[in-house]
Amino acid sequence: MPRTLTINGQEISARSDQTILEAAQDANIRIPTLCHLDGLTDVGACRMCLVEVAGASKLLPACTTRVQEGMQVQTDTERLRAYRRQIIELLFAERNHICAVCVANGHCELQNAGIAVGMDHVRYDYLFPKLGVDLSHERFGMDHNRCILCTRCVRACDQLEGAHTIDVMGRGAHSLIVHDMNVPWGEATTCTSCGKCVMACPTGALFKQGSTVAEMVHDAEKLAFLKAARERKVWNV
Amino acid sequence: MGKLRFASVWMGGCSGCHMSFLDLDEWLFDLAEAVDVVYSPVADVKTFPEKVDVTLVEGAIANQDHLELIHVIRKNSRLVVSFGDCAVTGNVTAMRNLIGEAEIVLDRAYKDAQLLRPQVPHDDGIVPPLIERVVPVHAVIPVDLYIPGCPPPAKRIRAVLQAVIEGKSPEMIGREMLKFG
Ligand code: SF4
Ligand code: SF4
Ligand code: SF4
Ligand code: FES
């Protein structure tokens, strides 16, 4: 059964199993996202996609909320814009993002999100946590200083590669991405070195060894292609 | 309209932002028509003057001298502009914060990394003492405008200064104006 709803006043129809985000994408309405990646299941971790739904007391993440008949959704209000800028500033304050010396400079979804929300400075105190860089894998590296804990790598490794090498350890801002039972990546025996986690990463946290400043271009879109090719035998997008 | 009193200062930065400023090339002649440079690393002025209209601050706040001067700058300037990523975020200058506080950083630089006569220079009045943690300018004083970039491209600097000269607030929107790094 198709559902009819409005997004920013525009009437659209969607399948009943679609999320607000998917329905918006089909109608060419852009909702900002960070932890969402086409081809992976959604977890609602980053809160960038929060939208206002008439009658709901809370803001709802568009990526994990299913459409309903008669829903009235607002995606770009003053209040949402203010929250989105706060989220991005907090991500910058929480770890050590130094774009000038980052492998992903110029190709980073977090950097782009900063531009999109109009961030000209960060109003929160920087935490400067002491975090490491894992270069034990022969082909890839992991820089915890640039990780925003979106878990796209975790899901890519689990859902597309089927290896489930990557997990999250700890809680809140102290969470860390780990490999196998928290061993150096190079010693993780379940890792097939497929590189899907690196493709999925929105920031400079995962990179190919040997990349220097601004050289690391991720191929996040290729993962959706891969999934469509496997499941629906669709080979061109 | 009289000429604006213009200043620029070099704090905890590499001078790259000032280099980018010099990349304004011919437009510097137009700028010279509109402003009087009353203080700058490229002008031989010893003390920060009073009644300055606009001051560009390059670099983070990293040592005692920066900390003292930035308060004078705030008191004497109508507009304080954080000029470049080090001023806006701490950037590369603040990477020492990841090692620890001042003493640990000095040990790392002057003792751990030295084979011959490792010692931290302590002569008073020669080099200003480091403050414990490097911070962006707006962590110490209120800042009016921010120009991100490491360094900010000359076009971005020009767009901001042009607006300031015309008495408008610059439109800090989009990649051209806001990309860090
Ligand atoms: S990961 Fe992105 S936001 Fe973070 S330092 Fe690198 S380019 Fe900047
Ligand atoms: S390289 Fe492949 S198998 Fe190894 S951690 Fe990344 S996604 Fe998992
Ligand atoms: S390493 Fe990259 S993909 Fe994985 S959680 Fe961190 S930012 Fe996300
Ligand atoms: S994209 Fe929906 S919560 Fe991250």
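All of the numbers you see were taken from the coordinates with simple rules; none came from a lab. Bear in mind the structure is a predicted one, so any value in this text is a computation, not a measurement. Cβ: placed from backbone, ideal geometry, glycine included. Neighbour counts: every protein chain shown.
Couplings for segment B:139-153, taken from phi via the Karplus curve 6.51 cos²θ - 1.76 cosθ + 1.60 with θ = phi - 60°, read 6, 10, 9, x, 10, 8, 9, 10, 10, x, x, 10, x, x, x Hz in order; Gly and Pro are left as x.
Once the mean of 1/r is taken over each pair of separate Cα atoms and inverted, segment A:1-51 shows a Kirkwood hydrodynamic radius of 11.7 Å.
Helix B:154-165 axis versus longest C-alpha principal axis of chain B: approximately 60°, rounded to the nearest ten. For the protein assembly as shown, the Stokes-Einstein estimate of translational diffusion at 10 °C and a viscosity of 1.306 mPa s comes to 66 µm²/s, using the Kirkwood hydrodynamic radius over alpha-carbon pairs. Of B:Val140, B:Val52, B:Val80, the residue with the greatest mean-square motion in the GNM of chain B, using alpha carbon springs below 10 Å, is B:Val140. The Stokes-Einstein estimate for segment B:81-152, based on a Kirkwood radius over Cα pairs and taken at 20 °C with 1.002 mPa s viscosity, is a diffusion coefficient of 154 µm²/s. The alpha-carbon of A:Lys196 sits under 26 angstrom from the alpha-carbons of these lysines, leaving out residues fewer than 8 places away in its chain: A:Lys208, A:Lys222, A:Lys227, A:Lys233.
Annotation: lysines with alpha-carbon distance below 24 angstrom to B:Lys155 (same-chain offsets under eight excluded): B:Lys3, B:Lys168, B:Lys179. log₁₀ I(q)/I(0) of chain A at q = 0.08 Å⁻¹, via Debye over equal Cα point scatterers, no solvent, to two decimals? Ignoring solvent entirely, the Cα scatterers give -0.32. The label-point distance for B:Val127 and A:Ala27, in a model that sets each label 7 Å from Cα toward Cβ, rounds to 6.2 nm. Annotation: amide H-H contacts under 5 Å for A:Leu50 (H modelled 1.01 Å from N, sequence separation of 5 or more, or interchain): A:Ala62. Under 5 Å between amide hydrogens, built in the peptide plane, is the criterion, and for B:Asp36 it picks out B:Leu4, B:Arg5, B:Phe6 among residues at least 5 positions away or on other chains.
Across segment A:203-209, coupling constants 3J(HN,Hα) worked out from phi with the 6.51/-1.76/1.60 Karplus curve, θ = phi - 60°, read 10, x, 5, 10, 8, 7, 4 Hz, and Gly and Pro carry x.
The distance from the alpha carbon centre of segment A:1-71 to that of segment B:91-139 is 50 Å, rounded to a whole number. Within segment B:19-101, the trypsin sites (Lys or Arg not before Pro) that combine a DSSP coil assignment with at most 14 other C-beta atoms in a 10 angstrom radius are B:Lys46, B:Lys51. What list of whole percents do you get for P(r) of chain B, with Cα-Cα distances grouped in 10 Å bins up to the one holding the largest distance? Calculated over all Cα pairs of chain B, the distribution is 10, 35, 33, 15, 6, 1, 0 percent.
Inter-label distance, B:His71 to B:Leu98: 3.2 nm, where each label sits 7 Å from its Cα along the C-beta direction.
Applying both filters, DSSP loop and at most 10 other Cβ atoms within 10 Å, to the trypsin sites (Lys or Arg not before Pro) of segment B:110-181 gives B:Lys168. For A:Ile7, the amide hydrogen comes within under 5 Å of the amide hydrogens of A:Ile12, A:Val73, counting only partners 5 or more places away or on other chains and with H modelled in the peptide plane. Shown here for segment B:49-97: GluC sites (Glu not before Pro) in loop regions (DSSP other than H, G, I, E, B) with at most 12 other Cβ atoms within 10 Å, namely B:Glu50. Straight-line reach from B:Lys75: taking Cα to Cα under 16 Å and skipping same-chain neighbours fewer than 8 places apart, the lysines in range are B:Lys51. A helix-only calculation puts chain B at -8000 deg cm²/dmol for mean residue ellipticity at 222 nm, using -39500 (n - 2.57) for each DSSP H run of at least four residues, averaged over all residues.
Counting only other chain Cβ atoms within 10 Å of each residue's Cβ, the peptide B:96-105 averages 2. Estimated at 0.36 nm per residue, the fully extended path between A:Thr189 and A:Arg47 surpasses their Cα-Cα distance by 47.8 nm. Long hydrophobic helices in chain A: none of the complete DSSP H runs spans 27 Å or more by Cα along its own axis with mean Kyte-Doolittle hydropathy of at least -1.0. Dipole check for chain B: with +1 at the C-beta of Lys and Arg, -1 at the C-beta of Asp and Glu, and the Cα centre as origin, the magnitude is about 300 Debye.
Approximating the spin labels as points 7 Å out from Cα along Cα→Cβ, the B:Arg175-to-A:Ser136 distance works out to 3.8 nm. Whole-Hz Karplus values for segment A:51-64 come out as 10, 9, 10, 4, x, 8, 7, 10, 6, 10, x, 5, 6, 10 Hz, taken residue by residue from phi with 6.51 cos²θ - 1.76 cosθ + 1.60 and θ = phi - 60°; glycine and proline positions read x.
The simple Förster model, with R0 at 35 Å and r as the Cβ-Cβ distance, assigns B:Ala139 and A:Glu78 a FRET efficiency of 0.80. Taking every DSSP helix (H) stretch of at least 4 residues in chain A, weighting each as -39,500 (n - 2.57) and dividing the sum by the residue count yields a mean residue ellipticity at 222 nm of -6500 deg cm²/dmol.
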